[in-house]
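Heads up: the structure comes next, in structure tokens.
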Number of protein chains: 2
Amino acid sequence: MPRKILIVGAGKSTSYLLDYFLKKALSENLLLTIADIDIGHIPEGVKNHTACTVAQLDILNIKSRREHVQSHDIVISMLPAKLHIEIAHDCIDFRKHFVTASYVSEELKSLDEKVKEKGLVFMNEIGLDPGIDHMSAMQIIDRIREEGGKMLLFESFTGGLVAPECDNNLWNYKFTWNPRNVVLAGQGGAAKFIQEGTYKYIPYHRLFRRTEFFDIEGFGRFEGYANRDSLNYREAYGLQDVLTLYRGTMRRVGFSKAWNMFVQLGMTDDSYTIENSEGMSYREFVNLFLPYSPTDSVELKLRHYLKIDQDDIMWEKLLELNLFDSTKKIALKNATPAQMLQKILEDNWTLGPSDKDMIVMYHKFGYELNGIKKQIDANTVVIGENRMHTAMAKTVGLPVAMATLAILNGKIVTPGVQIPIRKEVYDPILAELKKYGISFQEHNVPYLGYNPDSTVG
Amino acid sequence: MPRKILIVGAGKSTSYLLDYFLKKALSENLLLTIADIDIGHIPEGVKNHTACTVAQLDILNIKSRREHVQSHDIVISMLPAKLHIEIAHDCIDFRKHFVTASYVSEELKSLDEKVKEKGLVFMNEIGLDPGIDHMSAMQIIDRIREEGGKMLLFESFTGGLVAPECDNNLWNYKFTWNPRNVVLAGQGGAAKFIQEGTYKYIPYHRLFRRTEFFDIEGFGRFEGYANRDSLNYREAYGLQDVLTLYRGTMRRVGFSKAWNMFVQLGMTDDSYTIENSEGMSYREFVNLFLPYSPTDSVELKLRHYLKIDQDDIMWEKLLELNLFDSTKKIALKNATPAQMLQKILEDNWTLGPSDKDMIVMYHKFGYELNGIKKQIDANTVVIGENRMHTAMAKTVGLPVAMATLAILNGKIVTPGVQIPIRKEVYDPILAELKKYGISFQEHNVPYLGYNPDSTVG
């Protein structure tokens, strides 16, 4: 009997996911159904594979959705997170396992008891971040504990960047994922973390001036800024007593300082709309945020406002975006400043046809063993193959696919709504990811408890 | 027949309001009822006045509230704005006029038709700001129009400050009104205004660095920062075509630059609570917002973070607040940063027993007359008598009282839910306020269209 996998939602991020299953279709006896509301963009090579069926499915069509769930053995949802819950209910009704790469919502979490009763595995947060970060961190944390060590510090940073060979703009950045998330990053409240036993708070308008540096052999230096809530996984990781807990986002050095110019100007604000946004030039957009002057140019006003010199690289970064161009227009109606800025950035930061992306992840583990404080730094770098087969799609899609097969093969058996923090899950998946070139380099370094390379502009 | 006035809510701001009515009780044949949930704090001299009755009233007690409304000729609500609406409904039911110093809510505005049908006057925004600002501005705007002028610019600034003779701290500031409003000032979205025909937006974290200066003869220099929405009264004032429209708050020069330190640190944030706030020292509070260091002092970290030298007056301002004291503790449980900052400031900025407050208001009117651009600047300064009889209580209470009597005497007759922007209202009240020492100095100055003394740090 073939094992039948239903994949709901087949966006750009599913290339590796589909390839993984199709390559193993014969040896593992798999049949794949790809269900999406729009099936036009699914590649021919996938569509025409003998083990693959493509179905046009509107997940709001309850009858059709339930029929699909009922006729498969396991369901993967690659839809936006808020659409998972209905499919999850179907999976419980028809006793099907369920896999997603999304954060566990409160609603989904509340199904845990029912899921356990039926002996099902609902695996979530099994992509890159969240996903590989959980697995790689927990593997090292558990190992430290097995050796008798006591955790003191955990820091974790992930970034989606452009590969060094395609890194050809002054920002060392291109959009490799949802641009809107990049523009709004860090908004919605102060960033909160713990350092050496004390809570620390960074307001949004200071976030990009409180970075720290990381060096990765062969790839040079990176910087990280704090995520909004670093304390989310304190319980799940068993780090309630840890002195330092900090999670963040990685960029190339200098990105944050330059991005801070947009923050300072107010261009990342998404809370109000500009009435006359449609047809506004880039130059007029910039001038919205600068004081009036009957004589001074927009350029001079901005340089004075942000206190940057004409020969400052910050200034070059703004020029590179054509920010002062009065012929380039924004075609958005009643747009927020954030939406208008996104448009301007997309003009410049969209991956070109031959561009490759790059994923970087960096963990720090501080611990005490036999009275001695120690630290392990671990990092991984993944480079994409091309614009379709990105490092992002690879690092999100492969863990999802591997977890799905492991559940079908009875390798992951503990029931419940869960995230991949148990050995049963992370050990085999991390081992298999290695074969696909995704592995962590570990370095024993002196314990510091803090990063001396952190900047406090 | 005596005319019966019901005053609901008798807080600190009602001293002048009550005095005004009681002094005129005999000549104007007035009977006053002061209704409050807590009547303990009403002064003996007021309570024992023959024309005055004091009633303990819970406005959520519908029966008692309606009996009170029914048995009077006019009702003044000095309660918080959100509590007006129920009393307003009672006033319609029993055909009573209604007066408040609060902003007109959408709910209240929606009663306009009913109020007009019954021929009632519902006068709102008749305190200081809003209130005296509307009246003094409209008197000059209407005069300019009557002369054939076309309005080009309107700017208006108000501030509640401490009188020069009691101005003895480095911030040149003490709390003369609700401290919470001062700490949260400017939050909730970007400030929006129009200057020389273009929209301008200032994000909160830049608000206190975009000030402009004003000189008032005999009182020296002040500064102003933008209110959140300067465009609120565009229609009401008939200024739809004006090139510059800007409203703001006045402080002594240097306040905003210093206040900006709190904003930059994140201390004015009211959106999250600090778990371990109770018993936290001032010093620990400051350290929440600074990077961790195993060696550097909180003082040095803050100076470096905000880029201020040890001999900078900004630094002296922080020291004056005992911000680095580790013995002074904050007794608030689960408090927000804003609440904790407020506590620290109240320690330093509370009006002393012999302190007097000061109200300043500054308007600018730009217009074109016979092809020539002109400008009128108008300002007023009001000094309080003592901690009970403050300039704030005087400038809020007197216009409310005068409007109430004018309605009773048939001097204000136009029915509807309204604000004091018509001649019928502002002419007699501004004339009477003059007798109480509240008057505007006007100066003809060259038209500029912008303020060359505006700082854009």
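The values are calculated or read from the model by the stated rules, or taken from the named source; none is laboratory data. The shown structure was predicted, so the numbers you read here are calculated from the model rather than taken from an experiment. Every residue, glycine as well, gets a Cβ built from its backbone with ideal geometry; the counts of neighbours run over all protein chains shown. Protein only, heavy atoms only, side chains kept; ligands, DNA and RNA dropped before computing areas. Shrake-Rupley method; radii C 1.70, N 1.55, O 1.52, S 1.80 Å.
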- Item | Subset of the range B:417-440 [in a helix (DSSP H, G or I) and either more than 21 Å from residue B:238 (Cβ to Cβ) or among the basic types (Lys, Arg) (or both)] | B:423, B:428, B:431, B:432, B:433, B:434, B:435
- Just name the residue that is farthest from the other protein chains (Cβ to nearest Cβ) out of those in the range B:174-218 that are touching a Gly at 6+ places or on another chain (Cβ under 7 Å) and assigned to a loop (DSSP other than H, G, I, E, B). B:176
- Which residues, counting only those in the range B:355-366, are closer than 12 Å to residue B:162 by Cβ and of a type outside the set (A, V, I, L, M)? B:355, B:356, B:357
- For residue A:171, all conditions in the list (1) surrounded by fewer than 23 Cβ atoms within 10 Å (Cβ to Cβ); (2) part of a strand (DSSP E or B) hold save one; what is the number of the exception? (2)
- Of the residues in the range B:350-378, how many are more than 15 Å from the chain's Cα centre (by Cα), farther than 20 Å from residue B:239 by Cβ and in contact (Cβ under 8 Å) with a residue 12 or more places away in the chain? 8
- Message: The conditions are (1) more than 28 Å from the chain's Cα centre (by Cα); (2) at pLDDT below 95; (3) within 20 Å of residue A:400 (Cβ to Cβ), and residue A:48 fails exactly one of them. Which is it?
- Response: (3)
- So which residues in the range A:219-262 are within 19 Å of residue A:338 (Cβ to Cβ) and assigned to a strand (DSSP E or B), if there are any at all? A:225, A:249, A:251
- Message: As an exercise: evaluate residue A:26 against (1) open to solvent by 60 Å² or more (accessible area, probe 1.4 Å); (2) within 16 Å of residue A:97 (Cα to Cα) and give the number of the one condition it does not meet.
- Response: (2)
- Message: For the range B:238-247, check the following and say yes or no: at least one residue is within 11 Å of chain A (Cβ to nearest Cβ) and not hydroxyl-bearing (Ser, Thr, Tyr).
- Response: yes
- Hits in the range B:403-419 - residues which are surrounded by 24 or more Cβ atoms within 10 Å (Cβ to Cβ) and of a type outside the set (S, T, N, Q): B:403, B:412
- Check the range A:397-407 and report whether any residue there is under 20 Å from residue A:78 (Cβ atoms) and assigned by TED's automatic domain parsing to the domain that holds residue A:196. no
- Does the range A:299-310 contain at least one residue that is over 23 Å from residue B:200 (Cβ atoms), more than 14 Å from chain B (Cβ to nearest Cβ) and touching a residue at least 60 places away in the same chain (Cβ under 8 Å)? no
- Message: Cβ contacts < 7 Å: first residue closer than 17 Å to residue A:318 by Cβ and at the interface with another protein chain (Cβ under 10 Å from one of its Cβ atoms), restricted to the range A:280-293; second residue of a type in the set (Phe, Trp, Tyr) and open to solvent by 10 Å² or more (accessible area, probe 1.4 Å), any location; separation 6+ or different chain. Result?
- Response: A:288/B:199
- Item | Flag for residue A:395 being crowded, with 19+ Cβ neighbours inside 10 Å and more than 14 Å from chain B (Cβ to nearest Cβ) | yes
- Determine whether residue B:414 is at negative phi, away from chain A (no Cβ under 14 Å) and part of a loop (DSSP other than H, G, I, E, B). yes
- Hey, among B:112, B:58, which residue is among the acidic types (Asp, Glu), out of contact with any Leu (no Cβ under 8 Å at 6 or more places or on another chain) and modelled with pLDDT of 95 or more? B:112
- Message: Going residue by residue through the range A:259-269, is there one that turns out to be at the interface with chain B (Cβ under 10 Å from one of its Cβ atoms), touching a Ser or Thr at 6+ places or on another chain (Cβ under 9 Å) and at pLDDT 95 or above?
- Response: yes
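For (1) assigned to a helix (DSSP H, G or I); (2) more than 20 Å from residue A:101 (Cα to Cα); (3) hydrophobic (A, V, I, L, M, F, W, C), each residue gets a yes or a no:
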{"position": "A:20", "(1), (2), (3)": "yes, no, no"}
{"position": "A:34", "(1), (2), (3)": "no, no, yes"}
{"position": "A:38", "(1), (2), (3)": "no, yes, no"}
{"position": "A:45", "(1), (2), (3)": "yes, yes, no"}
- Query: Consider residue A:232 against the criteria (1) without any contact (Cβ under 8 Å) to a residue 24 or more places away in the chain; (2) among the polar types (S, T, N, Q); (3) within 14 Å of chain B (Cβ to nearest Cβ): it satisfies all of them except one. Which criterion is unmet?
  - Reply: (3)
- Out of (1) on the phi > 0 side of the Ramachandran plot; (2) in the same structural domain as residue B:240 (by TED's automatic domain parsing), the one residue B:364 does not meet is (1)
- Note on the structure: Taking the range A:184-218 and keeping residues surrounded by fewer than 17 Cβ atoms within 10 Å (Cβ to Cβ) and more than 20 Å from residue B:204 (Cα to Cα) leaves A:196, A:197, A:198, A:199, A:213, A:215, A:217, A:218
- Does residue A:338 meet the test of being at negative phi, within 14 Å of chain B (Cβ to nearest Cβ) and under 23 Å from the mean Cα position of the chain (by Cα)? yes
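Conditions tested, residue by residue: (1) among the basic types (Lys, Arg); (2) under 30 Å from residue B:443 (Cα atoms).
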residue	(1), (2)
B:44	no, no
B:48	no, no
B:72	no, no
B:94	no, no
B:100	no, no
B:103	no, yes
B:106	no, no
B:127	no, yes
B:150	yes, yes
